[in-house]
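Q: One structure coming up, written as structure tokens, with questions to follow.
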Amino acid sequence: MSPRRDILVRAARGRCPRCDAALPPSPPWDIPPRCPGCGLVLRREGGFFLGALVWNYGLVAFGALPLLLAAVALGLLAPRQAGWLALGACLVLPWLLHRLAWRLWLGTYYACLPDQLGRGPTDD
């Protein structure tokens, strides 16, 4: 695999994009502030979370909701049922997918800017 792909795969699997150390378990709505292996800052300031927000929105809007539309089109769900399920999905799924979205965002960020992985642990 290419180095950029390695970075993305490591992050998506819940490992540090720099050193491949396993990130400690945390609640689904939170991520650890630093990598326990190399000290890479994972929770950065200044709007860094917006990338995770975009991933989260994409996973819900282009992953879960089209499945409900397909179920309505195939006659498996009534439109009203699909509407209630969509509302529930929009309220619950972002919370449940936050950690995955954050990992995907870290992988995307460092795969696009791999030179920033070589910096020290305290760089923001």
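The values are calculated or read from the model by the stated rules, or taken from the named source; none is laboratory data. These numbers come from a predicted model, not from an experiment. Every residue, glycine as well, gets a Cβ built from its backbone with ideal geometry; the counts of neighbours run over all protein chains shown. Just so you know, the surface numbers come from the protein's heavy atoms only, side chains and all, with ligands and any DNA or RNA stripped out. Shrake-Rupley method; radii C 1.70, N 1.55, O 1.52, S 1.80 Å.
Q: Relative contact order of the chain: what whole-number percent is it, with Cα pairs under 8 angstrom and at least 6 residues apart? Each step should come with its number before you reach the end.
A: Numbers: 143 pairs, mean separation 49.1, N = 124.
Relative contact order of the chain: 40 percent.
Q: With every protein chain left in place, what is the accessible area per residue of the stretch 1-97 in square angstrom, probe 1.4 Å?
A: Numbers: 6160 Å² over 97 residues.
Value for the stretch 1-97: 64 Å² per residue.
Q: Longest exposed-loop-site-free stretch of the chain, with trypsin sites (Lys or Arg not before Pro), DSSP loop and at most 16 other Cβ within 10 Å?
A: Maximal segment without exposed cleavage sites: 45-118.
Q: A further question follows. Please work out the FRET efficiency for the pair residue 20 and residue 50, using the Cβ-Cβ distance as r and a Förster radius of 30 Å; give the result to the nearest 0.05.
A: 0.70
Q: For the chain, can you list the cysteines whose C-beta has no other cysteine C-beta under 4.7 Å from it?
A: So far as the 4.7 Å Cβ criterion goes, 90, 112 stand without a partner in the chain.
Q: Could you derive backbone 3J(HN,Hα) for the stretch 43-58 from the dihedral phi with the Karplus parameters 6.51, -1.76 and 1.60 (θ = phi - 60°), listing whole Hz in sequence and x where the residue is Gly or Pro?
A: Coupling constants for the stretch 43-58: 9, 9, 9, x, x, 4, 5, 5, x, 5, 5, 5, 4, 4, 4, x Hz.
Q: Roughly what percent of Cα-Cα pairs across the stretch 1-91 reach past 19 Å? All intermediate terms of the calculation are to be shown ahead of the outcome.
A: Numbers: 2334 of 4095 pairs.
Percentage above 19 Å: 57.
Q: Could I ask something else about it? Which distance in Å, rounded to a whole number, links the C-alpha centroids of the stretch 50-86 and the stretch 1-37?
A: Here the two parts' Cα centres lie 28 Å apart.
Q: Does the stretch 75-114 come out rounded, prolate or oblate by the C-alpha gyration tensor, with a ≥ b ≥ c the root eigenvalues, rounded set by a/c under 1.5 and, if not, prolate when a/b is larger than b/c and oblate if not?
A: Working: a/c = 5.67, a/b = 3.06, b/c = 1.85.
Here the stretch 75-114 falls in the prolate category.
Q: Restricting to DSSP loop positions (anything but H, G, I, E, B) with no more than 12 other Cβ atoms inside 10 Å of their own Cβ, which chymotrypsin sites (Phe, Trp or Tyr not before Pro) remain in the stretch 1-99? Don't skip to the answer; put the middle values down first.
A: Numbers: sites: 29, 48, 49, 55, 57, 62, 84, 95; in loops: 29, 48, 49.
For chymotrypsin sites (Phe, Trp or Tyr not before Pro) across the stretch 1-99 that sit outside H, G, I, E and B with at most 12 neighbouring Cβ atoms in 10 Å, the list reads 29.
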